[in-house]
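Here is the structure we will look at, set down as structure tokens.
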Amino acid sequence: MADTAAAFPARSWARLVYRPGSGIIQALGDCDRVFGASARSLVESRDPLRLIPARLASVLSSGVPESPILLSFGNLTGVVVPFAVQAEIILFEVEGQGDRTGFPMDDLGAGVLGLDRAGMIRLWNSTMSEMFSLPDESPLGRSIESVLPPPLLQSWSGVVASALDGRQVRVEIRPSQNKRIEGTFRMGGTGIVGTLFDTSDGFEIERRLRTARRMNQTYLQAVRAGIVLFDQDYRLLVANRAFGALFNLREGLIGMPLYDIVPRESFAELEKLSRRLFDGEQDALSVTVSYTDKDGTGRSVLQTFRPVRSEDEESFMVVGVFEDVTDQMNVILEADRCRASQEEMAALMKAISNSRLPANATGLAEQACRALSATASAIYLFEPYSTTRLAGCSGSWSAFLPDDFSELRLPPSVWNTSPWSMLTGPELGLLRGRVECCCVFPMGQGSANRGFLVAGFDSPEEAGKSLHAGSMASDLIRSKLETSGMSSQLEQMTYLLEKQRRFFRDAISMFDTPVAVFGEDWRVLHWNRAMENLTGCPAETAKKRSSMVIDMLFGPVGGVASARRIARRGLSGGAPASWEIRRVDGTAVSTSWRMARVDAAEGDVVESVTLLAGIPEQPCSEGDSGALSNEGFDSLGRSLIRLVSARSAAQLAEALALAASGMSGGASAVVEIDSPDGAVRARHSLGSDEDTQSWSSFPIQMGSVQYGSLMVDGVSHGALLADFTRAAARVIENLDETSLGAVVSAVFAGAGSRFAVCDHNGKLIDADAGSESGGRRASATVAQFFGVAEELAVETIRAAIKQGRSAMDDGRGGTVVMSSLGIPGGSNVVFAWKAPSGTRLDLLSGHPLSGPSGLSAIAAALPGAIGRLRDRLQGISRLLAGDDPVRPEIASACLEASALRKMSHYMGLFSRCLNPCDGACRAGEVLDRVVDLCVRRGRRPPDLYIEGDIPEIDIEPGILTEILDLLCEAGGCGGQVEIRVRHSTQALMASPSGRSGMPLVQFAVSWRTARAACVPLGEALESACRGVFDTGTELALAGLALRMCSCDLSPGEDGLSATVSIPRI
């Protein structure tokens, strides 16, 4: 110590007294220099340990040490002396110690540990704390057992005892799983000095090496390939089990020479390649060796060799890998064989595709021989109306094969066995002795058989390998034969189709009638010269500007959508549609059109095209030999009225005479009809009654039955009148069943009301036979019939024609109601009947027709009668010539008859609502009927949703079914309709039947696309009288019908829904 003191003289000192819990209670000396803090601040500080050096603070933080502790850090040296409850610290600042004596402890990379003889720690550097991850408090003065974990296989007491005995003790400590610390303890001075090193990195490397060795050993024994290590003497140094199994050896391989283990072929290649490696070649070398095993099995082994340098770097060893590749080699050989077979088959397929049978049959037979690996082959083809003849052959039997297949004397089964027949022995027939096995491949079955492919083989095994290929070849030959026939037919069909196209184009161009053809996208495909003259638009312009053509032709009727609806009627025989088109120069032309959708070939595809053909509606000129005079038009219009209302033979005769005179243009017409009451004769003349004495007679007969005759003076349409008399015969035969006049008469007679039918001038056409006037008279007027003034009757008729319905007072407490119906040519027919006093036109209740014998009878009779009226008008339209100007007018009358039929339908519905049947109705049954109606009419059924139980409701099932079907029809044929049935807490407002306040069941009907909203009832009735029945009108009429049944219909404001409310039972 004296030497140390002399070497490092003290510069300053400090003395502290420290008591745990109280801090520093006394500070003396040069504290400012030693601690960097004054003595007062040390004593007064609440946490004085942070003001003193960290090494001293770590010693004092653990409390008062058990024994004195020597300190040396930095340039400070001192001692900590423990007392009972406090410790005294004396520190000296030694000059030069900070430069020379600080590194032995804290700057060393190894941990340094000093123990006294009792095992207490007296020396501890910072590396020890880092290695064992100990906290900052100093372990000085504590036993080593309380600080460090015990060493492996030893105890600290044993280590201390051994070191005190003078032995050097090596220890290994495992603070954690992946950490290892090794050290040495020996005697030093009066205590023990231990030096410890962190060898965790080396420990991890060793652990990984051990794991790798175990893994390599496991892999070496687990792989299927044989692995060996041998030296230059070819002695085995390492070998796995797979190597022994490969060469049928199990144990005792190490040390054996390789030439005693592997086959001769294998060792020869092994020696050749390994010599190259021993001579210094570094690349891996491999070779595949094939040999025969001891049991006669062929085997292929892939041998790969790689050099390995020994540890002394002076010699080489070789690693050999032996893989059994027998299966792979077999697969490769089989793949090569299949590839060669496929190439032969591809060549055969190409030859079949390029051949012209039967001319190239011999070449195909030769190609089939090679593709099937056969010794011989032959092709027999079926000749129509003959036998199956030899077309070509190849191979060993070419010289003796018969021409006829049946002469081969093969079993009959070959004719109907598919896809092949394999024959051997006696089954070979004529081929026996030529081949060992024969395969017959039919080209089709039964009547579709085209021939046979026959192939000969040396053995059944060889034949079995070629069965599928032979079947494929026979199918290809059959397909080639069929394709050749189909190609010929296709060429012929293509030629005929082209001729048909040319005929179609030429025919359209030749027509004097305007004709146009439109494609699926409404582009113009054909536009003949007559259409050019009608529209003023050349064909080239029409084809280039389809949108202009669509606007010109279909713009006046609503565009393409309306054109599609017209085209749906097709060629069903209905009346043509008439509208005005706009020419290129801006003028309008009224034309009657027919449209139809047909499938036609355009180019290389078949598409649906639209045919449009029309006839301009031009007024007849005086010079036109086929035109009718004005008086003829008038008589024809009146005759149509009388024809549909005639209910006796006399009335029908007058109507036929009037129609024949107007239709033929003759001066006079005389009709004679044989009736049960005797012969009836009627005559009608145009202008004067003078005859030209040029009479033409036409019999009125059907088949062999003659009903009368027609004579016309000055006839100009003989063929037309002949057709007219045949149609008249059919009318006479069914007069009692088809007469609208008879039906209306019966209806009004049942209602107890008088009726009459007149023209627009008030001239009486027909009347109730039991009336006071004695029935209809030719010179009577409707005013005379009802006993009113002529001026009042004419004024009422004009109001009825203008408004659809009107009424007048007969002066005797009664009301005469009149209703008008438009007739082609601008004429009108007026129906008049007497109603009770006080009847209002806008009310249905209270009228005699509302009773069961009135409106119900009309509802039952009118639809059929109006349908027959429409059929008659269509029949007359067909009798007229194509360019006759009367045809468009009759077509319009047909449309008006359809509207009248719609009106009669709603009359029947109102009648049923006024006189409903008693009884409850189940909502489920009504919905089933609605779905069934939609399916039968080609509409999509509605989606049904029922909330809660299925209720019973107070309405006639037929009425509700009809209303719901009407609402489903408003959704369109392809539209999606939903019906939701739900219970409602609301109730009807005041009801005529006293049902207000009853609980309701609601049928909510909705559409995906908006429909027309419901129009007011007055507007709907006006539209119905005009014959216009759009969606809004029908919804309003349906609502009126429901209100008659004490129910309700509420259309949605958005046009997407309507709700039917019905009282619940």
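The values are calculated or read from the model by the stated rules, or taken from the named source; none is laboratory data. Predicted, not measured: the structure shown is a model, and the values here were computed from it. Reconstructed Cβ throughout: ideal geometry from the backbone, glycine too, with neighbour counts over all protein chains shown.
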State whether the residues of region 989-997 include one that is modelled with pLDDT of 80 or more, touching a strand residue (DSSP E or B) at 6+ places or on another chain (Cβ under 6 Å) and either part of a strand (DSSP E or B) or surrounded by fewer than 16 Cβ atoms within 10 Å (Cβ to Cβ) (or both). no
By residue number, the members of region 270-280 that are at pLDDT below 85 and either loosely packed, with under 14 Cβ neighbours inside 10 Å or under 14 Å from Phe322 (Cα atoms) (or both) are Asp279, Gly280
Condition check for Ala650: in a helix (DSSP H, G or I), modelled with pLDDT of 65 or more, touching a Phe, Trp or Tyr at 6+ places or on another chain (Cβ under 8 Å) and within 18 Å of Val757 (Cβ to Cβ): no
Filter region 1002-1018 down to the residues that are surrounded by fewer than 22 Cβ atoms within 10 Å (Cβ to Cβ), at pLDDT 80 or above and either among the aliphatic types (A, V, I, L, M) or assigned to a helix (DSSP H, G or I) (or both) and list them by number. Ala1004
Test for Met317: is it of a type in the set (A, V, I, L, M) and either out of contact with any strand residue (DSSP E or B) (no Cβ under 8 Å at 6 or more places or on another chain) or modelled with pLDDT under 80 (or both): no
Testing Tyr219 on (1) touching a Phe, Trp or Tyr at 6+ places or on another chain (Cβ under 8 Å); (2) surrounded by fewer than 17 Cβ atoms within 10 Å (Cβ to Cβ); (3) not in a loop (DSSP other than H, G, I, E, B); (4) not acidic (Asp, Glu), one condition comes back false. Which one is that? (1)
Just to be sure I understand, how many residues within region 449-470 are assigned to a helix (DSSP H, G or I) and in contact with a helix residue (DSSP H, G or I) (Cβ under 8 Å, 6 or more places away or on another chain)? 2
What are the pairs, 6+ residues apart or on separate chains, where a residue within region 785-800 that is surrounded by fewer than 17 Cβ atoms within 10 Å (Cβ to Cβ) has its Cβ under 7 Å from a residue that is among the charged types (D, E, K, R)? Gly787/Asp810
Having 1 or more residues that are without any contact (Cβ under 8 Å) to a residue 12 or more places away in the chain and either under 60 Å from the mean Cα position of the chain (by Cα) or more than 16 Å from Leu246 (Cα to Cα) (or both) is the bar; report the strands (runs of 3 or more DSSP E) wholly within region 283-350 that clear it. 298-309
Test result for Val17, within 27 Å of Arg122 (Cβ to Cβ) and either part of a strand (DSSP E or B) or out of contact with any Ser or Thr (no Cβ under 7 Å at 6 or more places or on another chain) (or both): yes
So which pairs qualify, if the first residue must be in region 894-906 and of a type in the set (Phe, Trp, Tyr), the second must be modelled with pLDDT of 70 or more and not in a helix (DSSP H, G or I), the Cβ gap must be under 9 Å, and the two must be at least 6 apart or on different chains? Tyr906/Phe1029
Hits in region 192-216 - residues which are surrounded by fewer than 16 Cβ atoms within 10 Å (Cβ to Cβ), farther than 23 Å from Lys179 by Cβ and in contact with a Gly (Cβ under 9 Å, 6 or more places away or on another chain): none
Of all the residues that make up region 501-530, how many are surrounded by 14 or more Cβ atoms within 10 Å (Cβ to Cβ), over 21 Å from Ser608 (Cα atoms) and aliphatic (A, V, I, L, M)? 1
So Thr127, is it within 25 Å of Glu204 (Cα to Cα), among the polar types (S, T, N, Q), outside any loop (DSSP other than H, G, I, E, B) and in contact with a Leu (Cβ under 7 Å, 6 or more places away or on another chain): yes
Mind checking which residues of region 140-165 are of a type outside the set (D, E, K, R), at pLDDT 85 or above and not in a helix (DSSP H, G or I)? Ser143, Val147, Leu148, Pro149, Pro150, Pro151, Leu152, Leu153, Gln154, Ser155
Answer yes if at least one residue in region 254-262 is assigned to a strand (DSSP E or B), crowded, with 17+ Cβ neighbours inside 10 Å, in contact with a helix residue (DSSP H, G or I) (Cβ under 7 Å, 6 or more places away or on another chain) and among the hydrophobic types (A, V, I, L, M, F, W, C), and no otherwise. no
Members of region 805-822 that are in a loop (DSSP other than H, G, I, E, B) and either under 14 Å from Val782 (Cα atoms) or among the charged types (D, E, K, R) (or both): Asp810, Arg812
If we scan region 152-174, do we find a residue that is in contact with an Asp or Glu (Cβ under 9 Å, 6 or more places away or on another chain), touching a residue at least 12 places away in the same chain (Cβ under 8 Å) and within 30 Å of Val325 (Cβ to Cβ)? no
Does Glu1022 qualify as being acidic (Asp, Glu), touching a residue at least 40 places away in the same chain (Cβ under 8 Å), assigned to a helix (DSSP H, G or I) and buried (at least 21 other Cβ atoms within 10 Å of the Cβ)? no
Go through Glu137, Glu95 for me and flag whichever is touching a strand residue (DSSP E or B) at 6+ places or on another chain (Cβ under 7 Å) and at pLDDT below 80. Glu95
State whether one or more residues within region 471-481 are part of a helix (DSSP H, G or I), more than 43 Å from the chain's Cα centre (by Cα), hydrophobic (A, V, I, L, M, F, W, C) and buried (at least 16 other Cβ atoms within 10 Å of the Cβ). no
Would region 756-774 turn up any residue that is modelled with pLDDT under 80, among the polar types (S, T, N, Q) and outside any loop (DSSP other than H, G, I, E, B)? no
Can you name every residue in region 375-434 that is surrounded by fewer than 18 Cβ atoms within 10 Å (Cβ to Cβ), touching a residue at least 24 places away in the same chain (Cβ under 8 Å) and over 18 Å from Asn449 (Cα atoms)? Ser396, Phe400, Pro402, Met422, Thr424, Leu430, Arg434
Which one of these is outside the structural domain of Leu258 (by TED's automatic domain parsing), of a type in the set (A, V, I, L, M), in contact with a Ser or Thr (Cβ under 6 Å, 6 or more places away or on another chain) and under 22 Å from Cys438 (Cα atoms): Leu410, Leu372, Leu401, Leu381? Leu372
